[in-house]
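Notes for the one structure printed next.
The values are calculated or read from the model by the stated rules, or taken from the named source; none is laboratory data. The model shown is predicted, which means the values in this text are computed figures rather than measured ones. All Cβ positions, glycine included, derive from the backbone under ideal geometry; neighbour counts span all protein chains shown. Accessible surface is based on the protein model in full, side chains and every heavy atom, while ligands, DNA and RNA are left aside. Shrake-Rupley method; radii C 1.70, N 1.55, O 1.52, S 1.80 Å.
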Amino acid sequence: VLPTDFDELTRQEHRLFRLRRYYASTGILIIIIPTILHEALHLQLYRRYEHKLARNGQEENWIPIGSTTFRLQGHPGGDGGEGDSSGGPIPERCYTGAWPTLVIEAGDSEPLGALQNDMRWWFSASDHQVNIVLLTKLDRLNQRIIIERWEEEIQTRRGATTTRRSATNPVYTPILQQSITITQNIATNPISYNVTRGALVLSFRLLFLRDPGPQEGDFVMSIAELQAYARAIWLRLG
């Protein structure tokens, strides 16, 4: 796909496919044709986060960015791509071209390794403005859902890491902060869902680019909520 053709595709409305990733140097464009299951994998997760925003009275301070097309930071004609669900704080990320602080990528047919490549692209292409990437992968063979939470750490010298964004000449390294597995147990009546490695925790500071104030704190998706999430996904498998 020529760069001019990719630019034209980004302007088309009501597309039946998503521009997952475009590599300008090779002209390779990877698309996703969203299915009901694919959309449920990320939307069911993102909407649970939005419900927590609303319950805490913070929905006015957050903007959904959805599957907006982004281009490599500083290179409008370079690589590009779209996430599945994303968003960022208001007013810090409420302007044209602003990158989200949170991105969710879902995979049904897409392998987990490919999703992890997508994660690395978001951190690098945004010049590290994306702070959290959630990957949610349906493993049909083993009847499980894998959720990974990735963040970056900054390495300033050999063997030393810090989360300070003001470090001189920092080296950013994606770190797997959480890996949660949800399996279906069909031996119970009703069917139950087993969650390993605890609740999903999203850092307030990384999402909103500030320390939490009074009555504010990290967003926790409990084991019960993750079980409900898995139940909603398996319903789509029918």
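Things worth noting here:
- Residues satisfying the stated conditions in region 120-153, i.e. in contact with a Phe, Trp or Tyr (Cβ under 6 Å, 6 or more places away or on another chain) and more than 16 Å from Leu45 (Cβ to Cβ): Ser126, His128, Gln129, Val130, Glu152
- Tally of residues being over 23 Å from Thr101 (Cα atoms), open to solvent by 40 Å² or more (accessible area, probe 1.4 Å) and at pLDDT 95 or above across region 197-230: 3
- Yes/no for Gly97 being of a type outside the set (D, E, K, R), at pLDDT 90 or above and touching a strand residue (DSSP E or B) at 6+ places or on another chain (Cβ under 9 Å): no
- His128 satisfies every condition listed in (1) modelled with pLDDT of 90 or more; (2) under 22 Å from Gly217 (Cα atoms) except (2).
- Residue match in region 72-92 (condition: outside any strand (DSSP E or B), among the hydroxyl-bearing types (Ser, Thr, Tyr) and in contact (Cβ under 8 Å) with a residue 12 or more places away in the chain): no
- Cβ-Cβ under 8 Å pairs, at least 6 apart or on other chains, region 25-39 side closer than 17 Å to Ile145 by Cβ, far side open to solvent by 80 Å² or more (accessible area, probe 1.4 Å) and of a type outside the set (A, V, I, L, M, F, W, C): Ile36/Arg236; Leu37/Arg236
- The C-beta contact set for region 108-129 (first residue over 21 Å from Ile154 (Cβ atoms), second residue of a type in the set (A, V, I, L, M) and in a helix (DSSP H, G or I), distance under 6 angstrom, 6+ apart or interchain) comprises Asp108/Leu37.
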